[in-house]
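S.K.: One structure is given below, represented as structure tokens, and several questions about it will come after.
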Amino acid sequence: MGEKKNGETLYSWRKVRPVIRQEQCTGCGVCMRGCPFEAIYREAGEYRIRYELCRGCGICALDCLRRAIYMRLP
Ligand code: SF4
Ligand code: SF4
């Protein structure tokens, strides 16, 4: 982990976070394979995000053809 300052990790650049609309997800797995930080995993048949690994790059939201992922301000 990076150095902490005022509760924030210094190298962290997450300003927004991805949210998965489960009802729109087809389970294709594209988001999980495309995340450069391995922050998406599958559990109980759903794709979920490990926010402690996510950098907020938005690639998963762009990759999802179903638009099941959107980026939300904290
Ligand atoms: S890319 Fe979209 S539809 Fe595919 S598993 Fe991820 S959230 Fe679901
Ligand atoms: S925003 Fe980037 S780091 Fe976070 S889950 Fe999506 S692809 Fe991975």
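FYI, it's all coordinate maths here, none of it is from the lab. Note that the structure is predicted; figures quoted are calculated from it, not measured. Glycine gets a Cβ as well: all are built from the backbone with ideal geometry, and neighbour counts include every protein chain shown.
S.K.: For a quick protection proxy, order the peptides 36-44, 62-70 by their average other-Cβ count within 10 Å, most packed first.
M.R.: On the way: 36-44: 12.4, 62-70: 15.4.
Listed from highest to lowest mean packing, they are 62-70, 36-44.
S.K.: If you take every residue apart from residue 25 with its C-beta less than 11 Å away from the C-beta of residue 25, what net charge results, scoring Lys and Arg +1 and Asp and Glu -1? Walk me through the intermediate numbers first.
M.R.: Values: positive: 21, 42, 48, 66, 67; negative: 23, 46.
Local charge sum for residue 25: +3.
S.K.: From the phi angles alone, apply the Karplus equation (6.51, -1.76, 1.60; θ = phi - 60°) to the stretch 29-39 and give each ³J(HN,Hα) in whole Hz, x where the residue is Gly or Pro.
M.R.: x, 4, 4, 5, 5, x, 5, x, 10, 6, 9
S.K.: Kirkwood hydrodynamic radius, computed over distinct alpha-carbon pairs, for the stretch 25-74: how many Å, to one decimal? The partial results should precede the final answer.
M.R.: Working: mean 1/r = 0.0910 Å⁻¹.
For the stretch 25-74, inverting the mean 1/r across all distinct Cα pairs yields 11.0 Å.
S.K.: Could you run the Karplus curve 6.51 cos²θ - 1.76 cosθ + 1.60 with θ = phi - 60° over the stretch 58-74 and give me ³J(HN,Hα) per residue in whole Hz, x for Gly and Pro?
M.R.: Ordered by residue, 3J(HN,Hα) equals x, 4, 4, 5, 6, 6, 6, 5, 7, 6, 7, 10, 10, 9, 10, 5, x Hz.
S.K.: Could you list which residues have their amide H under 5 Å from that of residue 69, counting only those 5 or more apart in sequence or on another chain, with H placed in the peptide plane?
M.R.: Amide H neighbours of residue 69, under 5 Å, 5+ apart: 21.
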